[in-house]
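Worksheet for the structure shown next.
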Amino acid sequence: MVALGADHGGYRLKEAIKKYLDEQKIPYEDFGTFSEESVNYGPIAAKVGHYVVDGKAECGILCCGTGIGISIAANKVKGIRAAVVTNEFCTEMARRHNDANILCMGGRVIDEETAVRLTKIFLETPFDGGRHATRIAQIAQIENGEL
Ligand code: RB5
């Protein structure tokens, strides 16, 4: 299960990603927005973030104009590691090294075709673990006020 969300700036990317997930028969939950009318990204990021940390989805995908605002918002949910990406390399590393559980992209930065390509990489790339697991644990320590 993939949790999806976008504001108006990311709406078109989200719709292209949905089409890809439909074709691949990958289940998703769409938390909106459902048009290009202006909305605030914070509540949508929060819904997707909580859905992921509650274990209702394995991961999330969030899109706004740049991917930045919605990623900052999602990263406020404890346990979320949201990564803004624009290319294949960063997407692969976000999974292999950072164990990112939310992928963020910008509708004013990349086109739909790229967003779908990056979605595929994100969903198919595993976490490397090992030394990177230590680093992820330290991120959790920061969240818990231990670092
Ligand atoms: C909305 O205009 C825009 O600010 C938003 O989509 C996003 O880019 C924020 O980071």
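Do any chymotrypsin sites (Phe, Trp or Tyr not before Pro) in region 82-141 lie in a loop, going by DSSP, with at most 13 other beta-carbon atoms within 10 Å of their beta carbon, and if so which? It would help to have the intermediate numbers written out before the result.
Values: sites: Phe89, Phe122, Phe127; in loops: Phe127.
Answer in residue order: no site qualifies.
Determine the sum of side-chain charges near Tyr28: Lys and Arg each +1, Asp and Glu each -1, restricted to other residues whose C-beta is under 15 angstrom from that of Tyr28.
Values: positive: Lys14, Lys18, Lys19, Lys25, Lys47, Lys56, Lys120; negative: Glu15, Asp22, Glu23, Glu29, Asp30, Glu58.
Net charge in that neighbourhood comes out at +1.
Indicate, rounded to the nearest 5 percent, the antiparallel portion of the DSSP beta bridges found entirely in region 17-147.
Numbers: 0 of 8 bridges.
Expressed as a percentage, antiparallel bridges in region 17-147 total about 0.
Say each of Gln141 and Arg117 gets a label point 7 Å from the Cα, pointing the same way as Cα to Cβ; how far apart are those two points in nm?
3.9 nm
Sequence-distant or interchain residues sharing an amide H contact under 5 Å with Cys59, placed H: which?
Ala3
May I ask you to list the lysines whose Cα is less than 20 Å away from that of Lys18, ignoring any residue fewer than eight positions away on the same chain?
Excluding near neighbours in sequence, the set is Lys47, Lys56, Lys120.
Starting from 0.36 nm per residue, how many nanometres of slack lie between Tyr20 and Glu58 once their C-alpha separation is accounted for?
Working: separation 38, 0.36 × 38 = 13.68 nm, distance 1.72 nm.
Full extension from Tyr20 to Glu58 adds 12.0 nm.
Helix 131-143 versus the longest principal axis of the chain: what is the Cα-based angle in degrees, 0 to 90, to the nearest 10?
Long axis of 131-143 versus the principal axis of the chain: about 80 degrees.
Considering the options Leu123, Gly65, Gly107, tell which one lies farthest towards the positive end of the dipole of the chain, charges being +1 on Lys and Arg and -1 on Asp and Glu at the Cβ, about the Cα centre.
Sorting the options by dipole projection puts first Leu123.
For helix 42-53, report the angle its Cα long axis makes with the longest principal axis of the Cα atoms of the chain; keep it between 0 and 90° and round to the nearest 10°.
50 degrees
Every number here is computed from the coordinates shown, using simple stated rules; none is lab data. Remember, it's a predicted structure, so these values are computed and weren't measured experimentally. Backbone-built Cβ (ideal geometry, glycine too); neighbour counts: all protein chains shown.
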